[in-house]
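Structure first, then comments.
The values are calculated or read from the model by the stated rules, or taken from the named source; none is laboratory data. Note that the structure is predicted; figures quoted are calculated from it, not measured. Glycine gets a Cβ as well: all are built from the backbone with ideal geometry, and neighbour counts include every protein chain shown. We work out accessible area using only protein heavy atoms, side chains counted, and drop any ligands, DNA or RNA first. Shrake-Rupley method; radii C 1.70, N 1.55, O 1.52, S 1.80 Å.
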Amino acid sequence: METSISIPDLIKQHDERTRACSVEHHMKSSSPTYEQIISFGEDAVPHILFYLKNNDGAGMNVMMLLTDILNFSPYTPEKLTDDKGEEIKGFVAFSVAEYKQAWIEWGEKNKFI
């Protein structure tokens, strides 16, 4: 007998199992929950956004689900510049908190949450 687990429960499990991961590949491969959530496609988006908004500890491991399902990100990191104001190629000022806030604002604007 196979039991069905809800999308919110899968997201919580994914977050708990991958929270300590710091490498993208590990966040995606260290738990079967990643593929399970992705398989729901856009149906999972409101649940992921709700989880992000209501769980302070939710981070990159949860936001990557949104990016992979929707194939975009509402957050653009700031390019770093040197003391002459010239762009330092390959480096950006990336903020997980700003990335999370961008997703929440996008979700609210687009009526997902």
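What's the number of the only condition in (1) open to solvent by less than 70 Å² (accessible area, probe 1.4 Å); (2) assigned to a loop (DSSP other than H, G, I, E, B) that Lys84 fails to meet?
Every condition holds for Lys84 apart from (1).
Could you run through region 39-67 and say how many residues are free of Cβ contacts under 8 Å to residues at least 40 places away in the same chain and open to solvent by 40 Å² or more (accessible area, probe 1.4 Å)?
Residues meeting the conditions: 7.
Among the residues of region 92-110, is there at least one that is in a strand (DSSP E or B), surrounded by fewer than 11 Cβ atoms within 10 Å (Cβ to Cβ) and free of Cβ contacts under 8 Å to residues at least 60 places away in the same chain?
Yes, region 92-110 has at least one match.
Say we look at region 68-81 and pick out the residues that are of a type outside the set (Asp, Glu) and either touching a residue at least 40 places away in the same chain (Cβ under 8 Å) or in a strand (DSSP E or B) (or both); which of these is least open to solvent (accessible area, probe 1.4 Å)?
Per the stated criteria, the residue is Leu80.
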